[in-house]
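A single structure is presented below for examination.
The values are calculated or read from the model by the stated rules, or taken from the named source; none is laboratory data. Bear in mind that the values here come from a model prediction, so they are computed numbers and not experimental data. Neighbour counts run over all protein chains shown; Cβ positions are idealised from the backbone, glycine included. The area values use the complete protein model at the heavy-atom level, side chains included, leaving out ligands, DNA and RNA. Shrake-Rupley method; radii C 1.70, N 1.55, O 1.52, S 1.80 Å.
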Amino acid sequence: MKYIGTDNFKHSDKPRIGVLLTNLGTPDAAEKRALRRYLKQFLSDPRVVEIPRLVWWFILHGVILNIRPARSAQSYASIWTEEGSPLLLNTKAQAEALQAALSARCGERVVVDFAMRYGNPSIAQKLQSLWNRGARQLLVLPLYPQYSCSTTASTFDALSQDFRRRRWLPELHFISQYHDHPAYIAAVANSIREHWQQHERADKLIFSFHGEPQAYLDRGDPYHCQCLKTSRLVAEALGLEEHEYMTAFQSRFGRAAWLQPYLDASLKAMPEQGIKSVQIVCPGFSSDCLETLEEIAVENKGYFLGAGGERFEYIPCLNAQAGHIDALEQIVMEHLATWLAQAESDGRTQDRALKLGAEQ
Ligand SMILES: C=CC1=C(C)c2cc3[nH]c(cc4nc(cc5[nH]c(cc1n2)c(C)c5CCC(=O)O)C(CCC(=O)O)=C4C)c(C)c3C=C
Ligand SMILES: [Fe+2]
Ligand SMILES: [Fe+2]
């Protein structure tokens, strides 16, 4: 067996801790060809679509990859910035801000980078880059607060696929969820409070999460429960009563049943029920992306106003806001505690050995 990277493996004289933030991924450009490449990789992942492989291969290659790339490219074009995809830019900004925070605490010991599960920069590419920078201990933080087999487990698959090809593996911490971490709950609650300082409160606060097939919940995926818990904890932090907020699921794909209630159907029904103003927050997305900037802030806004709603406000994701970076720093530091303590005690042992050597 020829292991990858073996020739480049160096014995680092300065072993470091690598922190790898990951997110879903995004196309390289808002164009049909780039969308086809991205969707092919994404939708071929058996963690994402659990339909039997052969049946799915025909649906994906025969139908979806012929229709969806052009349609999705148009949607992406509407949110694309001069620097590129919002998801990519936000994730990069998060990694830079977290690096600054951790450098202030730990000096050069911790190196932070980011990667995408699908598309670029890839997880394999960034694992090698962190290794080359001396990372022999690795903390991976998928930026999905709620665990889902389709996102978190898929990220772990990508890591293990890369590790299978390596001779020398780093020590590994993998953060599989932080849906109820007090620092994350506080960051979401604060972003809503800040919104309320500038805008009058609406009739209803809606927590909207990306959906997944109902079958995944039936087969034991904890995602649905973790989404509901996040909403409840944020609502409690804000002192909201049950009738003042709700949880809904967006971004359906295909014809099977997905987690309910569906956001679009709920918004269309609300004006008739007397709910004329809504504020929507998406705590399952750590970065603004197509699903928030277009699907929520444009498409779903249209459904609500079209059904007689009067005021629709979207509360942005935490992105690289200071409160979010503080929360990520806390989550990461809790996981790094043993490694940092170990390094400190190793340092002390080395100092003592040097001192003894000097005395002899
Ligand atoms: C086909 C099934 C899909 C599952 C299951 C799914 C789960 C899931 N996705 C996110 C987060 C994001 N998804 C995004 C885009 C996106 N998602 C799907 C399909 C499924 N997602 C598609 C086909 C797309 C591409 C866009 C499109 O063609 O409509 C994004 C945005 C990426 C961006 O570039 O901006 C995010 C983020 C979660 C959290 C999740 C499971 C819980
Ligand atoms: Fe998705
Ligand atoms: Fe969508």
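For a quick check, take a GNM of the chain with Cα springs below 10 Å and name the residue from Ala337, Ala265, Ala320 with the largest mean-square fluctuation.
Ranking Ala337, Ala265, Ala320 by mean-square fluctuation puts Ala337 first.
Follow-up. Excluding the sites themselves, what is the longest stretch of the chain that contains no chymotrypsin sites (Phe, Trp or Tyr not before Pro) in a DSSP loop with at most 15 other C-beta atoms within 10 Å?
No qualifying site falls inside 10-167, the longest such stretch.
Further question: How large a share of the accessible area of segment 2-96, in percent, is made up of carbon and sulfur atoms when the probe is 1.4 Å and the other protein chains stay in place?
Ligands and nucleic acids excluded, carbon and sulfur reach 56 percent.
Checking the a/c ratio against 1.5 first, then a/b against b/c, what shape does the Cα gyration tensor give for segment 182-315?
oblate
Would you mind classifying segment 41-165 by shape? Square roots of the alpha carbon gyration tensor eigenvalues, ordered a ≥ b ≥ c; an a/c under 1.5 is rounded, otherwise it is prolate if a/b is larger than b/c and oblate if not.
oblate
Continuing with the same structure: What list of ³J(HN,Hα) values in whole Hz, one per residue of segment 162-170 in order, does the Karplus curve 6.51 cos²θ - 1.76 cosθ + 1.60 (θ = phi - 60°) give from phi, with Gly and Pro shown as x?
5, 5, 4, 9, 10, 7, 10, 9, x
Over segment 182-315, calculate the relative contact order: mean separation of alpha carbon pairs under 8 Å at least 6 apart, over the residue count, as a percent.
Relative contact order of segment 182-315: 33 percent.
Further question: Report relative contact order for the chain in percent, whole number only (criteria: Cα-Cα under 8 Å, sequence separation at least 6). Write down the numbers at each step before the final one.
Working: 542 pairs, mean separation 72.5, N = 360.
RCO, the chain: 20 percent.
Could you do me a favour and compute the accessible area per residue for segment 182-315, 1.4 Å probe, result in Å²?
44
What figure, in Å² to the nearest 10, do you get for the accessible area of Lys14 with a 1.4 Å probe and non-protein molecules left out?
Accessible surface of Lys14 is approximately 110 Å².
Let me ask something else about it. Run the reach check for Lys126 against lysines, Cα to Cα strictly under 20 Å, same-chain hits fewer than 8 apart removed. What comes back?
Result set, ordered by chain and number: Lys10, Lys14, Lys92.
What length, rounded to one decimal in nm, is gained on full extension from Glu31 through to Gln342, with 0.36 nm per residue of separation minus their alpha-carbon distance?
Roughly 107.1 nm would be gained on extension.
Which one, Glu313, Glu83, Glu329, has the greatest fluctuation when you compute a Gaussian network model over the chain with C-alpha springs under 10 angstrom?
Checking each option, the largest mean-square fluctuation is seen for Glu83.
Let me ask something else about it. Mind giving me the FRET efficiency for Glu244 and His61? R0 is 51 Å, r the Cβ-Cβ distance, nearest 0.05 is fine.
It comes out at approximately 0.65.
Follow-up question, since we're still on this one. Which residue fluctuates the most in the chain, going by a Gaussian network model with Cα springs under 10 Å, if the choices are Leu290, Leu172, Leu138?
Leu172
Run through the DSSP bridge list for the chain and note the antiparallel percent, rounded to the nearest 5.
Roughly 5 percent of the DSSP beta bridges within the chain come out antiparallel.
For Ser122, enumerate residues with amide H under 5 Å from its amide H, sequence gap 5+ or separate chain, H modeled in the peptide plane.
Excluding prolines and chain starts, which carry no amide H, the hits are Met116.
Which distance in Å, rounded to a whole number, links the C-alpha centroids of segment 221-270 and segment 12-47?
Cα centroid of segment 221-270 versus Cα centroid of segment 12-47: 27 Å apart.
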